[in-house]
Amino acid sequence: MEAKRRRLTLLPHTYAVCRLDRHAPIPDWGTRSPFFSVTRTAEGLSVVCPDAQVPEGVTRESGWKALMVEGPLDFSLTGVLASLTAPLARAGISIFALSTYDTDYLMVKKGQLEKTIEVLEVEGYDIVIEEGCEGTTGAW
């Protein structure tokens, strides 16, 4: 019997990873989409949100695409991110990872998306393109 293939869903936007001052309030522009992440540390405030929402002048790294691991994932599971990141590292693809209570998200630069999908499909992942996704014609 063939093992169940694992599934990743490509989210519809291109995202930015932004850095704000550690004392900055959480910006309204960073929380207006169905997928965003806000993390505050002693070093700063990080906001991940669609590129188009980020105002001029904000320090950011733009051009990220997000792949969501099908979940929910049980907290007892081990190696979920490693099964994604190890083959991508071998292929020379840099990633930005986020985790939530239910699942993990893998972000890759838009220019590396096609290669990322090829690598992950070889590793046994099915990639689902979410409706309304930018670049679903293969141009990514």
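Couple of notes before you dig in:
- Identity of the residue in region 46-73, of a type in the set (Val, Ile, Thr) and part of a loop (DSSP other than H, G, I, E, B), that ends up surrounded by the fewest Cβ atoms within 10 Å (Cβ to Cβ): Val58
- Which numbered condition Thr137 misses (of (1) under 21 Å from Ser37 (Cβ atoms); (2) at pLDDT below 95): (1)
- Qualifying residue in region 93-103 (condition: at pLDDT below 95, more than 21 Å from His13 (Cβ to Cβ) and surrounded by fewer than 18 Cβ atoms within 10 Å (Cβ to Cβ)): yes
- Selection over region 104-134 of residues that are at pLDDT below 85 and over 24 Å from Glu61 (Cα atoms) gives a count of 1.
- Checking each residue in region 111-129 for being crowded, with 18+ Cβ neighbours inside 10 Å and within 15 Å of the chain's Cα centre (by Cα) picks out Gln112, Leu113, Thr116, Ile117, Leu120.
- Single residue of region 19-45 satisfying the filter (under 14 Å from the mean Cα position of the chain (by Cα) and outside any loop (DSSP other than H, G, I, E, B)) that is surrounded by the most Cβ atoms within 10 Å (Cβ to Cβ): Ser37
- Flag for Leu88 being modelled with pLDDT under 95 and not polar (S, T, N, Q): no
The values are calculated or read from the model by the stated rules, or taken from the named source; none is laboratory data. Computed from a predicted model, the values in this text were never measured in an experiment. Neighbour counts run over all protein chains shown; Cβ positions are idealised from the backbone, glycine included.
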